[in-house]
Amino acid sequence: MARPSLREKLASSAVDTLHTLGFKGCSIQDITEAAGVPKGSFFNHFENKEDLAIDALRRYLEGSRPDMLFDESVPPLQRLKNHFTFLSERLITNGFERGCMLGLFSAEMAREYPRMRQELREVFDRWCDGVEQLLREAQAKGEVDPRHDPGQLARFLVNSWEGATIRLRITQDRQPIDDFLNVAFKALLK
């Protein structure tokens, strides 16, 4: 029987290792070394690297504070802004090196790893659904133009955010984030 402490070390370390190096940029050896566990212990806890990447993605998402979208004590558009501001601050803290793990795994894994592609599809769908729900609330309160389709606008915002997180890895500054926030909250959702 595998020891949970080794699994936890592998899983928690994999979030940073995979996010920094990417799925294709790191080996199982890199992951086990970062976790400080013997390489042979990997397969006692995970069937393959894709299983670990899916676990790492879920852990990454837990740290993305999706709960901010559903805090009804805060007005809907402020919740949305708080959510993207939180994500922005996380990118800035990482020195613009990492971008978003969703975008990274989408680019690296979606074609060759159908289980990861399905996981990513579900994550993006849940995220878009949450943003859509929030936009519907904002429309009901008169805060968002009723001519906007909330589902389409939600998908646009999420897709635009992902584009900004890819671009900031190139620019190495916050300009793509600022462009996203300014257009989203000063032009589209004013």
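The values are calculated or read from the model by the stated rules, or taken from the named source; none is laboratory data. Remember, predicted model here, so these are calculated numbers, not experimental data. Counting neighbours? That spans all protein chains shown, and the Cβs are built from the backbone with ideal geometry, glycine included. For the accessible areas, the whole protein counts, side chains as well, though only heavy atoms, and no ligand, DNA or RNA atoms are used. Shrake-Rupley method; radii C 1.70, N 1.55, O 1.52, S 1.80 Å.
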**Report entry** the stretch 137-163, subset in contact with a Cys (Cβ under 9 Å, 6 or more places away or on another chain) and of a type in the set (A, V, I, L, M, F, W, C), residue nearest to Cys100 (Cα to Cα)
**Finding:** Trp161
Query raised in the report: Of the residues that make up the stretch 117-124, is at least one closer than 20 Å to Met68 by Cα, part of a loop (DSSP other than H, G, I, E, B) and aliphatic (A, V, I, L, M)?
Result: no
Report summary line: Exception for Leu157 within (1) at pLDDT 95 or above; (2) out of contact with any Asp or Glu (no Cβ under 9 Å at 6 or more places or on another chain); (3) surrounded by 13 or more Cβ atoms within 10 Å (Cβ to Cβ); (4) under 21 Å from Ala56 (Cα atoms) falls at (4)
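Restricting to the stretch 41-62, what's the tally of residues that are farther than 16 Å from Cys100 by Cα and open to solvent by 60 Å² or more (accessible area, probe 1.4 Å)? Steps first, answer last, please.
Step one: list which residues in the stretch 41-62 are farther than 16 Å from Cys100 by Cα, which gives 41-52.
After this cut, where a residue has to be open to solvent by 60 Å² or more (accessible area, probe 1.4 Å) as well, the list is 43-44, 47.
Number satisfying all stated conditions: 3.
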Report task. Taking the options Leu10, Leu6, name whichever one is more than 16 Å from Met109 (Cα to Cα), surrounded by fewer than 19 Cβ atoms within 10 Å (Cβ to Cβ), touching a His at 6+ places or on another chain (Cβ under 8 Å) and free of Cβ contacts under 8 Å to residues at least 60 places away in the same chain. Result -> Leu6
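Might you check whether a residue that is part of a loop (DSSP other than H, G, I, E, B) and at pLDDT 95 or above occurs anywhere in the stretch 130-148?
no
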Query raised in the report: Here are some residues: Phe46, Phe23. Which one is among the aromatic types (Phe, Trp, Tyr) and in contact (Cβ under 8 Å) with a residue 60 or more places away in the chain?
Result: Phe23
Requested in this report: Please determine, by comparing only the residues of the stretch 31-40 that are closer than 27 Å to Thr93 by Cβ and surrounded by fewer than 17 Cβ atoms within 10 Å (Cβ to Cβ), which one is modelled with the highest pLDDT.
Outcome: Glu33
Query raised in the report: Are there any pairs with C-beta distances below 9 angstrom linking a residue in the stretch 65-93 that is open to solvent by less than 60 Å² (accessible area, probe 1.4 Å) to a residue that is among the hydroxyl-bearing types (Ser, Thr, Tyr) and assigned to a loop (DSSP other than H, G, I, E, B), with the two at least 6 apart or on different chains, and if so which?
Result: His83/Ser64; Phe86/Ser64; Leu87/Ser64; Arg90/Ser64
Query raised in the report: If you check Phe180 against the conditions, is it among the aromatic types (Phe, Trp, Tyr), out of contact with any Phe, Trp or Tyr (no Cβ under 8 Å at 6 or more places or on another chain) and in a helix (DSSP H, G or I)?
Result: no
Query raised in the report: How many residues are in contact (Cβ under 8 Å) with a residue 40 or more places away in the chain and open to solvent by less than 70 Å² (accessible area, probe 1.4 Å) if we restrict to the stretch 164-187?
Result: 9
Report summary line: Scanning the stretch 94-106 for residues that are open to solvent by 10 Å² or more (accessible area, probe 1.4 Å) and farther than 13 Å from Leu168 by Cβ gives Ser106
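Is there a residue in the stretch 136-148 that is open to solvent by 40 Å² or more (accessible area, probe 1.4 Å), under 15 Å from the mean Cα position of the chain (by Cα) and in contact (Cβ under 8 Å) with a residue 24 or more places away in the chain?
The answer is no, given that none of the residues of the stretch 136-148 is open to solvent by 40 Å² or more (accessible area, probe 1.4 Å), under 15 Å from the mean Cα position of the chain (by Cα) and in contact (Cβ under 8 Å) with a residue 24 or more places away in the chain.
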